[in-house]
Amino acid sequence: ELGWHTNDNNISERIPFKHAIEIPDGKGQKIDLHWQLLLYGRNKMCDNMLWDSAITLQSEHLSQPALILDPTAQLFHICVRGVVSSNPSRVRWIPDAYQFLRDSDIEIDWDRLVFQAEKRHLTPHLLNALLVLEEILDIPIASSSIKQLRSGKSSFAEKVDYVLITRKQNPVTGY
């Protein structure tokens, strides 16, 4: 018993409507348990592609191996999830991405990163996240990725979606 518990007894009923659940351990730590990678841009084929390249994590604290995203998938998740978060502390993705990319052992497949954004119709989301990392934090981002995201065929609906989910919500109406 490691102490991770949720008080949500109706998780199975929520699965079609949610993508993950946060589980606390009682000591202030939390983990995100995902059954879909993202709330926005859901795409089972793309999720499967990311899980196919996942890394198996084994630990004496786990009763069975767990899968974790490979570096490219993890960066995609950090950037896109952070940009669309409605949480006031949504800027947390920036130091997360910075720390993650500082690791010299990490290799990013930039083409696969862009492919995921295009297939999920999240091109503006990833582009803006990468521009923040490159222009504000001076993190080297593959110029071909920025160019490809800028020249991509984002639909009008995709651009409107980005504006709507990244704008500040009205505290009264929630919209």
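The values are calculated or read from the model by the stated rules, or taken from the named source; none is laboratory data. Fair warning: this is a prediction, and the values are worked out from it, not measured in the lab. Virtual Cβ from ideal backbone geometry, glycine too; neighbours counted across all protein chains shown. We work out accessible area using only protein heavy atoms, side chains counted, and drop any ligands, DNA or RNA first. Shrake-Rupley method; radii C 1.70, N 1.55, O 1.52, S 1.80 Å.
Inspection of segment 97-111 finds a residue satisfying the criterion of being under 14 Å from the mean Cα position of the chain (by Cα) and within 18 Å of Asp32 (Cα to Cα). In a residue-by-residue description of segment 75-88, the property of being touching a Pro at 6+ places or on another chain (Cβ under 9 Å), part of a loop (DSSP other than H, G, I, E, B) and open to solvent by less than 40 Å² (accessible area, probe 1.4 Å) applies to no position. Of all residues in segment 108-127, those that are in contact with a helix residue (DSSP H, G or I) (Cβ under 6 Å, 6 or more places away or on another chain) and not in a loop (DSSP other than H, G, I, E, B) total 12. Among the residues of segment 119-143, those that are open to solvent by 70 Å² or more (accessible area, probe 1.4 Å) and either among the aliphatic types (A, V, I, L, M) or in contact (Cβ under 8 Å) with a residue 24 or more places away in the chain (or both) comprise Lys119, His121, Ile136.
Residue by residue, here is whether (1) in a helix (DSSP H, G or I); (2) charged (D, E, K, R) holds:
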{"site": "Glu60", "(1), (2)": "no, yes"}
{"site": "Ser63", "(1), (2)": "no, no"}
{"site": "Leu67", "(1), (2)": "no, no"}
{"site": "Thr72", "(1), (2)": "yes, no"}
{"site": "Ile94", "(1), (2)": "yes, no"}
{"site": "Ile106", "(1), (2)": "no, no"}
{"site": "Glu134", "(1), (2)": "yes, yes"}
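For segment 136-158, a residue qualifies if it is of a type in the set (A, V, I, L, M) and outside any loop (DSSP other than H, G, I, E, B), and the qualifying residues are Ile136, Ile146, Leu149, Ala157. Among residues of segment 146-157 that are hydroxyl-bearing (Ser, Thr, Tyr), those with a beta-carbon under 8 Å from a residue that is surrounded by 10 or more Cβ atoms within 10 Å (Cβ to Cβ) and assigned to a loop (DSSP other than H, G, I, E, B) at least six positions away or on a different chain give the pairs Ser154/His121; Ser155/His121.
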